[in-house]
Amino acid sequence: AEAPYSKVRLFFAKVGTLRFLSQLDLVRVIPRMFRRAGVEIGYSRGFSPQPRMSFGPALALGMGADEEVVDCDLLLPRSAEDMAGMLDDETREAIAAALLETLQPKAPPGMILLAARLVPSGERTLGELVAGADFAVDLRAVPAELRAGLAARVAEIMGSDELSLTREQRVKKKRNGKRKDAGSKLVTIDLGPRLLAATVVQDGEQDELRFRLRTDIVGA
């Protein structure tokens, strides 16, 4: 029989060199953190067991994060009661707080654990909950002549009826059972449904381009 487990949702920031780890790398790094903390994570069955974890939408390599989310199936002392629905909210919060305190000193450099919560049975998955992401681009290193008029340009773009991006995409074709480079083609992407908001913040202390993208669209 499968061991009882608790689904734990961890919220974390990603700074420093951790920005250069892919989501696949995090799948290896996070279980190591649990092992160092003496917390057991559940694994899938089969010939190649994998840690039972699910992330929100992946960020581009090299991009830091103020808040990312990961769900993990953990084998905790009171997981049997948790799975049976026998724990009240106060107890669940106390278990999550104690777990966070245990994990924080074992987190890898660049990972700042912000919060933890036990996810009740039947709650929606991360894939169903996370539909977008907020981004901030620091403009302080951008030449002044390029920053001039940026706020007006962004407002103009957000007010337009059509917003598209044309980019070059490599083409691969199968030959003799192998995928080979077949040149490139121009692809036009409709950004309208993807870009939810954009603004420029220039208040003396901050000089940023902020925008919100949908992440629940294929190819977003």
Please report 164, 54 as a ranked list, fewest other C-beta atoms within 10 angstrom at the top and most at the bottom. 164, 54
Which one of 160, 192, 204 is farthest out on the positive end of the charge dipole of region 133-214, using unit charges on Cβ (Lys, Arg +1; Asp, Glu -1) and the Cα centre as origin? 192
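Let me check I've understood the local charge: for residue 139, count other residues with C-beta under 15 angstrom from its C-beta, Lys and Arg +1, Asp and Glu -1. What total comes out? Could you put the intermediate results ahead of the total?
Working: positive: 140, 147, 153, 210; negative: 138, 145, 203, 205, 207, 208.
So the surrounding residues net to -2.
Mind putting a number on the dipole of the chain about its Cα centre? Charges go on the C-beta only, +1 for Lys and Arg and -1 for Asp and Glu, and I need it in Debye to the nearest 20. Mind dumping the intermediate values first?
On the way: 32 positive and 31 negative charges, 368 e Å.
It works out to roughly 1760 debye.
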Karplus couplings for region 191-204 from phi (6.51 cos²θ - 1.76 cosθ + 1.60, θ = phi - 60°), rounded to Hz, Gly and Pro as x? 8, x, x, 8, 8, 8, 7, 7, 7, 10, 10, 9, 10, x
Amide H neighbours of residue 207 under 5 Å, at least 5 residues apart or on other chains, H built in the peptide plane: list them. 139
Rg in Å to one decimal, and Dmax rounded to a whole Å, for region 1-57 via C-alpha atoms: 12.7, 42
Given the chain, report the % of alpha carbon pairs whose separation exceeds 33 Å. 35 percent
Please give the charge dipole size of region 6-129, origin at the Cα centre, charges +1 on K and R Cβ atoms and -1 on D and E Cβ atoms. Round to the nearest 20 debye. 620 debye
Using Cα centres only, tell me the gap between region 56-133 and region 23-44 in whole Å. 13 Å
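Per the Kirkwood treatment, what hydrodynamic radius in Å, one decimal, follows for region 40-102 from the mean inverse distance over all distinct Cα pairs? Mind showing how you got there, number by number?
Values: mean 1/r = 0.0702 Å⁻¹.
So the Kirkwood estimate lands at 14.2 Å.
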I'd like to know how region 128-204 sits against the 2.2 N^0.38 Å rule of thumb: what's its Cα Rg over that expected value? 1.61
Amide H neighbours of residue 76 under 5 Å, at least 5 residues apart or on other chains, H built in the peptide plane: list them. 6
Helix 23-37 against the longest principal axis of the chain: what's the angle in degrees, Cα atoms only, rounded to the nearest 10? 30 degrees
When the dipole is taken about the Cα centre of region 162-220, and only Lys, Arg (+1) and Asp, Glu (-1) are charged at their Cβ, what size is it in debye, to the nearest 20? 1120 debye
Cα extents of region 6-129 along the three principal axes, largest first, in whole Å? 42, 35, 30
Compute the helix-to-body angle for 150-159: its Cα long axis versus the longest principal axis of the chain, expressed 0 to 90° and rounded to tens. 80 degrees
Report the local net charge at residue 96: Lys and Arg +1, Asp and Glu -1, summed over other residues whose C-beta lies under 9 Å from its C-beta. +2
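The numbers here are math on the coordinates, done by the rules we state, and not lab data. Source: prediction; values computed, not measured. No Cβ is skipped: glycine too gets one built from the backbone with ideal geometry, and neighbour counts run over all protein chains shown.
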